[in-house]
Amino acid sequence: MSIRPLVIIPDSKLRLISEPVKEITSEIRQLAEDMLETMYDAPGVGLAAIQIGVPVRMVTMDVSKSEEERQPMVLINPEIVWASEERRVYEEGCLSIPEYYEEVERPDRVRFRYMTLQGETVEQEADGLLATCVQHEIDHLNGVLFIDYLSKLKRDRVLTKFRKAARREAGA
Ligand code: K1U
Ligand code: ZN
């Protein structure tokens, strides 16, 4: 297992459409382990493979409370199959946009389908943080970031800040 470096905006990899996983190989199992380790280390409640630079449709999540036992989830080729009309606002963060949090409105409840590492297809309904998180992670697989839901003014402000930081780091 290893902790992999996180891809940070404005890296263009974050805008890629990730490819479906065709077969569950030892590389895919290794990737899942590394994603979980990287997510717990960050710490975060979710991670998409592209956030460690791998453009495949894989997500890890754990929305258990800190005092509870860990509940790691590995989602292969996840998709939203139903979303409620009712919407709710949640303050979101993103490991690819460190220390920036903003309110985003999304469907309140969703039903999602995915394959497990054992090759089983699962359908599950979610509300609360799990619903928000799975939508945020599936967006990553389609090159969408939560800042895309904000006003142009807010998005440009955060992009400018991270572009400047990237330039400073490249020059250092
Ligand atoms: O995909 C990511 O960038 C991970 C992101 C997921 C997410 C969080 C909140 C709302 C929607 C999606 C994070 O995990 S950001 C970090 C975070 O929220 C957190 C960190 C430690 C403890 C609890 C939450
Ligand atoms: Zn994110």
*asked:* Quick test of your reading of the structure: residue 36 fulfils all but one of (1) open to solvent by 40 Å² or more (accessible area, probe 1.4 Å); (2) touching a strand residue (DSSP E or B) at 6+ places or on another chain (Cβ under 8 Å). Name the failing condition by number.
replied: (1)
_Going by what's in this entry, would residue 99 be described as charged (D, E, K, R), more than 19 Å from residue 143 (Cα to Cα), assigned to a strand (DSSP E or B) and within 16 Å of ligand 2 (Cβ to nearest atom)?_
no
*Would you be able to tell me the number of residues in region 112-168 that are out of contact with any strand residue (DSSP E or B) (no Cβ under 7 Å at 6 or more places or on another chain) and within 16 Å of ligand 2 (Cβ to nearest atom)?*
13
*So, of the residues in region 139-149 that are buried (at least 21 other Cβ atoms within 10 Å of the Cβ) and within 23 Å of residue 29 (Cα to Cα), which turns out to be nearest to ligand 1 (Cβ to nearest atom)?*
140
*The listed residue being under 30 Å from residue 156 (Cβ atoms), open to solvent by less than 20 Å² (accessible area, probe 1.4 Å), β-branched (Val, Ile, Thr) and touching a residue at least 40 places away in the same chain (Cβ under 8 Å), out of 45, 21, 7*: 7
*asked:* Just to check your reading of the model, which residue among 164, 154 is more than 13 Å from residue 100 (Cα to Cα) and open to solvent by 60 Å² or more (accessible area, probe 1.4 Å)?
replied: 164
*Looking at 139, 156, 127, 108, which one is free of Cβ contacts under 8 Å to residues at least 40 places away in the same chain and under 16 Å from the mean Cα position of the chain (by Cα)?*
139
*So, of the residues in region 89-126 that are within 16 Å of ligand 1 (Cβ to nearest atom) and among the hydroxyl-bearing types (Ser, Thr, Tyr), which turns out to be farthest from residue 157 (Cα to Cα)?*
114
*From the residues in region 65-84 that are among the small types (Gly, Ala, Ser) and surrounded by 11 or more Cβ atoms within 10 Å (Cβ to Cβ), which one is farthest from the chain's Cα centre (by Cα)?*
84
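The values are calculated or read from the model by the stated rules, or taken from the named source; none is laboratory data. Here the structure is a predicted model, which means the values were calculated and not measured. Methodologically, a virtual Cβ is constructed for each residue, glycine included, from the backbone with ideal geometry; neighbour enumeration extends over all protein chains shown. Remember, those area values only see protein heavy atoms, side chains included, never the ligands or the DNA or RNA. Shrake-Rupley method; radii C 1.70, N 1.55, O 1.52, S 1.80 Å.
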